[in-house]
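So the structure is just underneath, and the comments pick up after that.
The values are calculated or read from the model by the stated rules, or taken from the named source; none is laboratory data. A quick note: this is a predicted structure, and the numbers were derived from the prediction, not measured. Neighbour counts are summed over all protein chains in view; Cβ atoms, including those assigned to glycine, are modelled from backbone coordinates with ideal geometry.
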């Protein structure tokens, strides 16, 4: 099959979150399986050009219809760690992608409406006719709308669209200007509730809703999150739309790259290890982590948190986990950056307060190399998210034999199985601890069970860690599911 991914991110050249990892990882898996994959991305001024090999002009004069005129663009081509990528650079006073950032501008809706239009115009003019166009999140929600309302009548009648939603929180709520600019000029037609009109604001369009309505298949990033999006507030108002299109809505779990996240070959850890020398390797990396972060060497477990510090991640429980660990004979390591000023200030205060504590280190910011060492050196990792569409942290931790303590939401439910209470899974296949409420006692109960096992039954704790290492959360199975989905929509 010939597949084109249209996205606002692709790791490591453009990465603001998990979206970039998924776009790269899935593309790589599809190519390994023998399919032709190309990616179309914005050419941001701040992307990591050092990760692009052989970048050059591929299409010099692309004129993208915009309002009643055109915007002149140049399309560049290069390889990102083997993936063939096309980068669209518009030449206009709008400077859509010359902002020094990927997101966060007042005109983000217009920027990515333009990108969606330009991507399809590039396919049309360069005579690229993929079997499947796979687009991602609200930034490309207009792609299937534009394809089926405009471009299928201009030479692209056979293309099919898979649309993946990574986070329902951001939906691209826009107005009539985005319609006029992209050539969708029948205002009353598109502001119909059955098409693009937002479910709760009759004066706005919803780009994500447009993607759901018009795409041939819609996915989100775990089976459990697909259920949550339809039936709970996690869908952020799109539950009814997902219900109407439930026959084409699927949950496919993300994967992780075991060439990068694997203690056997990890170049960022001082002592690579396998399940066969797990105890020795874990102990050596644990000591290296303590030395790096100036923690005392004592017979205590290290509990870790790695990730953003914000409301989605259950930041109040992260804070509580630190003190619960310190008060219950454990050490705690945190690596994370806050997205809000108030949360950042709060954790900076905690860092100064705990600075001299020999059992605690708070690293505010993100350090890729350090994250690998924490996964390898920690015994337990906490993931107390309020909601978690998929979650990569717990899957990485399992590969490193670090036992996860997670809240039972989203993809965490699909990947972590409670040692004591998950009766649907055989004891020899359980791999962590799960709690469900968002209060302190629920978190404490799960952490207490993990700590008791570490102290009272070290061999059983080791076995639980080894059982986690046996799980395969690579792109192998998700890749197979996406290929099956592509084949299904191709023949409709």
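Regarding residue 243, is this residue over 19 Å from the mean Cα position of the chain (by Cα), in contact (Cβ under 8 Å) with a residue 12 or more places away in the chain and more than 10 Å from residue 163 (Cα to Cα)? Yes: the conditions hold for residue 243.
Listed here are the residues, each with its yes/no results for (1) in a helix (DSSP H, G or I); (2) modelled with pLDDT under 95; (3) surrounded by 13 or more Cβ atoms within 10 Å (Cβ to Cβ).
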position	(1), (2), (3)
26	yes, no, yes
30	yes, no, yes
37	no, no, yes
57	no, no, no
71	no, no, yes
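Quick one: which residue in 320, 243, 250 is at pLDDT 95 or above, outside the structural domain of residue 440 (by TED's automatic domain parsing) and either touching a strand residue (DSSP E or B) at 6+ places or on another chain (Cβ under 7 Å) or within 24 Å of residue 447 (Cα to Cα) (or both)? Break it down into steps so the answer makes sense when it comes.
Numbers: 320 fails: outside the structural domain of residue 440 (by TED's automatic domain parsing); 243 fails: either touching a strand residue (DSSP E or B) at 6+ places or on another chain (Cβ under 7 Å) or within 24 Å of residue 447 (Cα to Cα) (or both).
From the options 320, 243, 250, the qualifying one is 250.
Going residue by residue through the range 331-344, is there one that turns out to be outside any strand (DSSP E or B), more than 27 Å from the chain's Cα centre (by Cα), assigned by TED's automatic domain parsing to the domain that holds residue 376 and more than 30 Å from residue 169 (Cα to Cα)? Can you show your working first?
The initial filter retains those residues of the range 331-344 that are outside any strand (DSSP E or B), namely 337, 339-344.
Still in the list and also more than 27 Å from the chain's Cα centre (by Cα): none.
Checked the range 331-344: no residue is outside any strand (DSSP E or B), more than 27 Å from the chain's Cα centre (by Cα), assigned by TED's automatic domain parsing to the domain that holds residue 376 and more than 30 Å from residue 169 (Cα to Cα).
Just one of the numbered conditions (1) modelled with pLDDT of 95 or more; (2) surrounded by fewer than 21 Cβ atoms within 10 Å (Cβ to Cβ) is not true of residue 164: (2). When we screen 320, 271, 361 for residues that are part of a loop (DSSP other than H, G, I, E, B) and either in contact with a helix residue (DSSP H, G or I) (Cβ under 6 Å, 6 or more places away or on another chain) or buried (at least 19 other Cβ atoms within 10 Å of the Cβ) (or both), the only hit is 271.
Which of the residues that make up the range 99-126 are more than 24 Å from the chain's Cα centre (by Cα) and either farther than 15 Å from residue 70 by Cβ or not in a helix (DSSP H, G or I) (or both)? Within the range 99-126, 123, 126 meet the criteria. With the requirement that a residue be part of a loop (DSSP other than H, G, I, E, B) and closer than 25 Å to residue 414 by Cβ, what does the range 195-222 give you? Within the range 195-222, 215, 216, 221, 222 meet the criteria.
If you go through the range 291-311 one residue at a time, do you hit one that is buried (at least 18 other Cβ atoms within 10 Å of the Cβ) and part of a helix (DSSP H, G or I)? For the range 291-311, residues buried (at least 18 other Cβ atoms within 10 Å of the Cβ) and part of a helix (DSSP H, G or I): present. When 180, 84 are checked against the criterion of being farther than 16 Å from residue 214 by Cβ, assigned to a helix (DSSP H, G or I) and at pLDDT 95 or above, 180 stands alone in meeting it. Would a scan of the range 173-180 turn up a residue that is farther than 20 Å from residue 192 by Cβ and touching a strand residue (DSSP E or B) at 6+ places or on another chain (Cβ under 6 Å)? Within the range 173-180, not a single residue is farther than 20 Å from residue 192 by Cβ and touching a strand residue (DSSP E or B) at 6+ places or on another chain (Cβ under 6 Å).
Counting only residues that are closer than 25 Å to residue 394 by Cα and in a helix (DSSP H, G or I), the range 230-259 holds 5 of them.
Every condition in (1) out of contact with any helix residue (DSSP H, G or I) (no Cβ under 7 Å at 6 or more places or on another chain); (2) in a helix (DSSP H, G or I); (3) within 19 Å of residue 166 (Cβ to Cβ) is met by residue 189 except one, and the failing one is (3). Only one residue in 45, 50 is in a loop (DSSP other than H, G, I, E, B) and out of contact with any strand residue (DSSP E or B) (no Cβ under 7 Å at 6 or more places or on another chain), so which one is that? Going through 45, 50 in turn, the sole match is 45. Kindly establish whether residue 93 is over 20 Å from the mean Cα position of the chain (by Cα), surrounded by fewer than 20 Cβ atoms within 10 Å (Cβ to Cβ), outside any strand (DSSP E or B) and in the same structural domain as residue 220 (by TED's automatic domain parsing). Against the criterion (over 20 Å from the mean Cα position of the chain (by Cα), surrounded by fewer than 20 Cβ atoms within 10 Å (Cβ to Cβ), outside any strand (DSSP E or B) and in the same structural domain as residue 220 (by TED's automatic domain parsing)), residue 93 qualifies. The single residue among 135, 105 that is closer than 23 Å to residue 161 by Cβ and either surrounded by fewer than 24 Cβ atoms within 10 Å (Cβ to Cβ) or in contact with a strand residue (DSSP E or B) (Cβ under 6 Å, 6 or more places away or on another chain) (or both) turns out to be 135. Kindly indicate whether any position in the range 328-336 is surrounded by fewer than 16 Cβ atoms within 10 Å (Cβ to Cβ) and over 14 Å from residue 378 (Cα atoms). Yes, some residue in the range 328-336 is surrounded by fewer than 16 Cβ atoms within 10 Å (Cβ to Cβ) and over 14 Å from residue 378 (Cα atoms).
Take residues that are outside the structural domain of residue 300 (by TED's automatic domain parsing) and tell me which of the helices (runs of 4 or more DSSP H) falling wholly in the range 373-457 contain 2 or more. Don't jump to the end; show me each part of the working.
Details: elements: 393-399, 410-415, 440-456.
Helices (runs of 4 or more DSSP H) meeting the threshold: none at all.
Hey, can you tell me all the residues within the range 127-154 that are in a helix (DSSP H, G or I) and more than 22 Å from the chain's Cα centre (by Cα)?
We begin by selecting, within the range 127-154, every residue in a helix (DSSP H, G or I); these are 138-140, 142-149, 151-154.
145, 146, 147, 148, 149, 151, 152, 153, 154, listed by residue number.
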